[in-house]
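Asker: Below is a structure I'd like to ask you about.
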Amino acid sequence: MTEHKPALRVGMIGYAFMGAAHSQAWRTAPHFFDLPLAPEMAVVCGRNAAGVAEAAARLGWASSSTSWRSVLEDDTIDLVDVCTPGDTHAEIAIAALEAGKHVLCEKPLANSVAEAEAMTAAAEKAAAHGVRAMVGFTYRRVPAIALARKLVADGRLGEVRHVRAQYLQDWLVDADAPLSWRLDKAKAGSGALGDIGAHVVDLTQHILGETIHEVSGQLETFVKERPVAESSSGLSGQAGTERGPVTVDDAAVFLARFGGGALGVFEATRFATGRKNAIRIEVNGSKGSIAFDFEDMNVLHFHDATIDDLEGGFRRIVVTEAGHPWVSAWWPPGHGLGYEHGFTHQVVDLVTALADGTQPEPSFADGLQVQRVLAAVETSSDTRSWQEVPA
Ligand code: SOE
C-alpha cells in the first residue's frame, strides 16, 4: 500500500540556470529520499509565454504562467521558489510571504541591505503563522562541507586561526563576452562579490559557526565595457554590435576578522583563467586543518595535528560513505555526487523542516547577515578603510 503524503504544491518564478537547477531538485528529491510531504511541480512562471511554456515541458512543471502575482493569488500553491535575478527577490518574496506561501529564495538574498532587512522582517512576521522562508546557499549541503563543519564543531581543529576562501571562475576572461544581467548592478546588485563571494562568506561562517565582524576589501572591474547581450543562457550569451558599461565588480578581494578571532582572506573572481567553479576553503586551527575544493567536491582533506608528526599530514577523506549526510540515499561508497545534489539536498531539508514546523536554514536572517558583510566590503573598497559588519 502506498503511504499518502500531504502535497506541497510549488510555484517557481524564473526558469533559467537556477530555475533548471531547482527544477532538477524538485523532480528528483521525492524519488531518492523518503520525504514527509509530496512536492508537486505545479507552475513555473516567466515573462515570455512561449519560453516559459517550453521550460515547463522541458523541466517537468505541470503548467506555466507569465504572471507571478497570479501564482501568489492561487490558493492551491503552498511554496514559492524565487529563481529570478536579485532585483526582483524582495518584491516577490515579501508578497509571497504576505500571501501565506513558504518561500525558497536564491542567493544572494537581495541586492541591498535595505531589501534584505525588509525580507527578513516579512519572514519573521510570517513565521508567527507557521510560514517559512529559506535562502538558497546550496553549497552548505555538499557532504564534504557538512563534514568540515562537524569537525570544527567537534573541536577537532581546536582554536581556529586562519580561514582562506576563494571562489574562482573564468567566464569573463574574454573581453568580448557579452553583458548579461549578472554584469548589470541594477539587476544583480553587485558582481563577483554578491554572486560568488556571497557563497564563500556563507560557507566559511557556516563551517566555523561564527560570523565575520570586520572587513577590508578591494573591488575591481577589469573590463569596463562589453557588447550588449542579444540573448543569454546560463553564463554565456550572444553578443550584439552595441556596447555598454559593466556596472559591477569583476573581482573582489578582502580580509576579514571572525568573531572568534580567526583571520580570513577571501577572493571572488570571474577572471581566474582556467578555474571554472573552484570553491577553495582552508581552515587552520591549533589542533588541525581542513581543506576543500569544489572541483573535487567529494573529498575533504583533514590534517589532525594531535597525532604523531611522523604519521601526520593531510588525509584525503572521500566523503561518500552511507554515514555521511544525505549520501545513503544515493550511490554506494566512492560513486560520488555532483553540483546538482546540493540543490536536491536543499529541497530535502526544506521539505523536512516544513513538515516538522521548524525554521529551515539558512534563514532570511542568515541571508541578511551575509548581505551586511557584502555591503561592508563594498564600503571598505569605496572608502579604502576597514569596516565593521553591523550585528
Ligand atoms: C554564476 O557565477 C553561478 O551560477 C552562481 O550564480 C551560482 O550561485 C553558483 O552556484 C555557480 O555560479
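No lab work stands behind these numbers, since they all come straight from the coordinates. Note that the structure is a prediction, hence the values are computed from the model and not measured. Neighbour counts are summed over all protein chains in view; Cβ atoms, including those assigned to glycine, are modelled from backbone coordinates with ideal geometry.
Asker: Per residue, how big is the convex hull of the range 7-136 when only Cα atoms are used? Give it in Å³. Walk me through the numbers before you get to the answer.
Answerer: Details: hull volume 12.2 nm³, N = 130.
So the per-residue hull volume is 94 Å³.
Asker: If the only charges are +1 at each Lys and Arg Cβ and -1 at each Asp and Glu Cβ, what is the size of the charge dipole of the range 48-90 around the Cα centre, to the nearest 20 debye?
Answerer: For the range 48-90, the charge dipole is close to 200 debye.
Asker: Just need the relative contact order of the range 142-337 here, percent rounded to a whole number, with Cα pairs under 8 Å and 6+ apart. Numbers along the way, then the final one.
Answerer: Values: 454 pairs, mean separation 56.6, N = 196.
Once normalised by length, the contact order is 29 percent.
Asker: Over the residues of the range 110-184, compute the C-alpha Rg and express it relative to 2.2 N^0.38 Å.
Answerer: The reported ratio for this selection is 1.65.
Asker: So what is the 222 nm mean residue ellipticity for the chain from helices alone, if each DSSP H run of at least 4 adds -39500 (n - 2.57) and you divide by all residues, rounding to the nearest 500 deg cm²/dmol?
Answerer: So the helix-based figure for the chain works out to -9500 deg cm²/dmol.
Asker: Let me ask something additional. Please give the charge dipole size of the chain, origin at the Cα centre, charges +1 on K and R Cβ atoms and -1 on D and E Cβ atoms. Round to the nearest 20 debye.
Answerer: The dipole magnitude comes to about 180 debye.
Asker: Which of 303, 162 comes first, and how do the rest follow, when ranked by fewest Cβ neighbours within 10 Å?
Answerer: Details: 303 17, 162 14.
Neighbour counts put them in this order, fewest first: 162, 303.
Asker: Could you list 228, 71 in order of exposure, starting from the residue whose Cβ has the fewest other Cβ atoms within 10 Å?
Answerer: Exposure proxy ranking, most exposed first: 228, 71.
Asker: Let me confirm the definition first: pairs of Lys residues in the chain, 8 or more apart or on different chains, C-alpha distance under 27 Å. How many are there?
Answerer: Lysine pair count for the chain: 16.
Asker: Given a Förster distance of 45 Å, report the FRET efficiency between residue 383 and residue 361 from their Cβ-Cβ distance, rounded to the nearest 0.05.
Answerer: Taking R0 as 45 Å, the efficiency between residue 383 and residue 361 is 0.85.
Asker: In addition: Work the Kirkwood hydrodynamic radius out for the range 200-318: mean of 1/r over every pair of different alpha-carbon atoms, inverted, in Å.
Answerer: 17.3
Asker: Rounded to whole Hz and in sequence order, give me ³J(HN,Hα) for the range 221-229 from the Karplus expression 6.51 cos²θ - 1.76 cosθ + 1.60, θ = phi - 60°, writing x for Gly and Pro.
Answerer: In residue order, the calculated couplings are 10, 6, 10, 8, 9, 9, x, 5, 6 Hz.
Asker: On to the next question. Enumerate the calculated ³J(HN,Hα) couplings along the range 183-192 in order (Karplus 6.51 cos²θ - 1.76 cosθ + 1.60, θ = phi - 60°), each rounded to whole Hz, writing x wherever the residue is Gly or Pro.
Answerer: Residue by residue, the range 183-192 yields 9, 10, 4, 4, 8, 9, x, 8, x, 4 Hz.
Asker: Another question, if that's okay. Would you work out which of 143, 359, 41 lies farthest towards the positive end of the dipole of the chain, given +1 charges on the beta-carbon of Lys and Arg and -1 on that of Asp and Glu, about the Cα centre?
Answerer: 143
Asker: I would also like to ask the following. Using a Förster distance of 51 Å, how high is the FRET efficiency between residue 125 and residue 58, based on the Cβ-Cβ distance and rounded to 0.05?
Answerer: Once the sixth-power term is evaluated, E becomes 0.90.
Asker: Oh, and also: To make sure I understand, if each residue's beta carbon is the centre and we count other beta carbons within 10 Å, what order do 105, 83 fall in, fewest to most?
Answerer: 83, 105
Asker: State the extension gain, in nm to one decimal, for the chain segment bounded by residue 247 and residue 31, taking 0.36 nm per residue of separation less the distance between their alpha-carbons.
Answerer: 73.5 nm
Asker: Placing +1 on the Cβ of each Lys and Arg and -1 on the Cβ of each Asp and Glu in the range 142-337, which of 157, 266, 213 has its Cα farthest towards the positive end of the resulting dipole?
Answerer: 213
Asker: With an 8 Å Cα cut-off and a minimum separation of 6 or more residues, compute the relative contact order for the chain in percent.
Answerer: Answer for the chain is 20 percent.
Asker: I want to verify the translational diffusion coefficient of the chain in µm²/s; compute it with Stokes-Einstein, Rh as the Kirkwood radius over Cα pairs, at 4 °C and 1.567 mPa s.
Answerer: Numbers: Rh = 21.6 Å.
This corresponds to a translational diffusion coefficient of 60 µm²/s.
Asker: Sticking with this one: Rounded to the nearest angstrom and ordered from largest down, what semi-axes does the equivalent ellipsoid of the range 166-223 get from its C-alpha gyration tensor (root of 5λ)?
Answerer: Output for the range 166-223: semi-axes of 25, 12, 11 Å.
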